[in-house]
1. How many residues are touching a strand residue (DSSP E or B) at 6+ places or on another chain (Cβ under 7 Å) and free of Cβ contacts under 8 Å to residues at least 24 places away in the same chain if we restrict to the range 113-164?
2. Those residues that are farther than 16 Å from residue 41 by Cβ, touching a Ser or Thr at 6+ places or on another chain (Cβ under 7 Å) and not β-branched (Val, Ile, Thr), I need them from the range 139-174; list them, please.
3. Among the β-branched types (Val, Ile, Thr) and more than 24 Å from residue 91 (Cα to Cα) - does that describe any residue in the range 161-173?
4. Going residue by residue through the range 134-141, is there one that turns out to be surrounded by fewer than 12 Cβ atoms within 10 Å (Cβ to Cβ) and part of a strand (DSSP E or B)?
5. With over 30 Å from residue 160 (Cβ atoms) and among the basic types (Lys, Arg) as the only criterion, which of 69, 94 stands out?
6. With respect to the numbered conditions (1) in contact with a helix residue (DSSP H, G or I) (Cβ under 8 Å, 6 or more places away or on another chain); (2) surrounded by fewer than 17 Cβ atoms within 10 Å (Cβ to Cβ), which one is the sole condition not fulfilled by residue 85?
7. Return the residues of the range 1-35 that are outside any helix (DSSP H, G or I) and either touching a helix residue (DSSP H, G or I) at 6+ places or on another chain (Cβ under 8 Å) or farther than 30 Å from residue 131 by Cα (or both); say none if nothing qualifies.
Amino acid sequence: MNANTRTSILSILVVLAFFGLVWLYVREFAVLFNTIGAKGLVLGSMLVAAAIAAGSLWRWRERFTPWERHTPEVLFILIFSVLFAPLLGSLINRTLGKTENQSFEFISEAPYFSSNYGLLKGEKLRPTGWYLNVQENGRQHKFKYTTQTYYPLTRPGETILLPVRKGLFGCRVVLLK
């Protein structure tokens, strides 16, 4: 196998890995929407990734000298690691957690409608999913799910139980589908 063939195969594998990461990231958006403390998780993941990437670049700085010649590579490593850090942080937080039922005060459950291409004439509207608004210790939370209405007969102020996974980093993920 010559060098051009190896380079081509490696390039194809890198592109497939990139598309796989983007696909995982898109699927993780729904989990991040239902994460209590997602802002801290995302920012913390980005800061840790920036520090690890900068430390790694500093550790192997001889590989990147002269810096002017390797600026695109260095920027790619820094930007790529910071942008994909929330995906890794969310996956680690969620997979290494413990699931329990937790009580919340019910506020409302409302349908939402989403269409990629708009509404067609005569199309019957059906909800794409639902938003669940709850309150916990005076703080309101909004969760999103798509399968069915969970609380159609519940009145505001009643206590409901939701499956919550407390993650490794302390962020809680409400497991609604």
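1. 6
2. 156, 161, 163 - these are the residues of the range 139-174 that are farther than 16 Å from residue 41 by Cβ, touching a Ser or Thr at 6+ places or on another chain (Cβ under 7 Å) and not β-branched (Val, Ile, Thr).
3. Here is the first cut: in the range 161-173, the ones among the β-branched types (Val, Ile, Thr) are 164, 173.
If we keep only those that are more than 24 Å from residue 91 (Cα to Cα) as well, we get none.
No; the residues of the range 161-173 include none that is among the β-branched types (Val, Ile, Thr) and more than 24 Å from residue 91 (Cα to Cα).
4. At the first step, the residues of the range 134-141 found to be surrounded by fewer than 12 Cβ atoms within 10 Å (Cβ to Cβ) are 137-140.
Retained after the next criterion (residues that are part of a strand (DSSP E or B)): 139-140.
Taking every residue of the range 134-141 in turn, at least one turns out to be surrounded by fewer than 12 Cβ atoms within 10 Å (Cβ to Cβ) and part of a strand (DSSP E or B).
5. Working: 94 fails: over 30 Å from residue 160 (Cβ atoms).
Selected residue: 69, the only one of 69, 94 that is over 30 Å from residue 160 (Cβ atoms) and among the basic types (Lys, Arg).
6. All conditions are met except number (2).
7. Just the residues of the range 1-35 that are outside any helix (DSSP H, G or I), to begin with: 1-2, 34-35.
Listed by number, the residues that qualify are 1, 2, 35.
The rows are residues; the columns are (1) of a type in the set (A, V, I, L, M, F, W, C); (2) surrounded by 10 or more Cβ atoms within 10 Å (Cβ to Cβ); (3) over 20 Å from residue 142 (Cα atoms).
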{"residue": "1", "(1), (2), (3)": "yes, no, yes"}
{"residue": "5", "(1), (2), (3)": "no, no, yes"}
{"residue": "11", "(1), (2), (3)": "no, yes, yes"}
{"residue": "21", "(1), (2), (3)": "yes, yes, yes"}
{"residue": "24", "(1), (2), (3)": "yes, yes, yes"}
{"residue": "31", "(1), (2), (3)": "yes, yes, no"}
{"residue": "35", "(1), (2), (3)": "no, yes, no"}
{"residue": "40", "(1), (2), (3)": "no, yes, no"}
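The values are calculated or read from the model by the stated rules, or taken from the named source; none is laboratory data. Small disclaimer: the values here were computed from a predicted structure and weren't measured. Because the Cβ atoms are built from the backbone with ideal geometry, glycine has one as well, and the counts that use them run over all protein chains shown.
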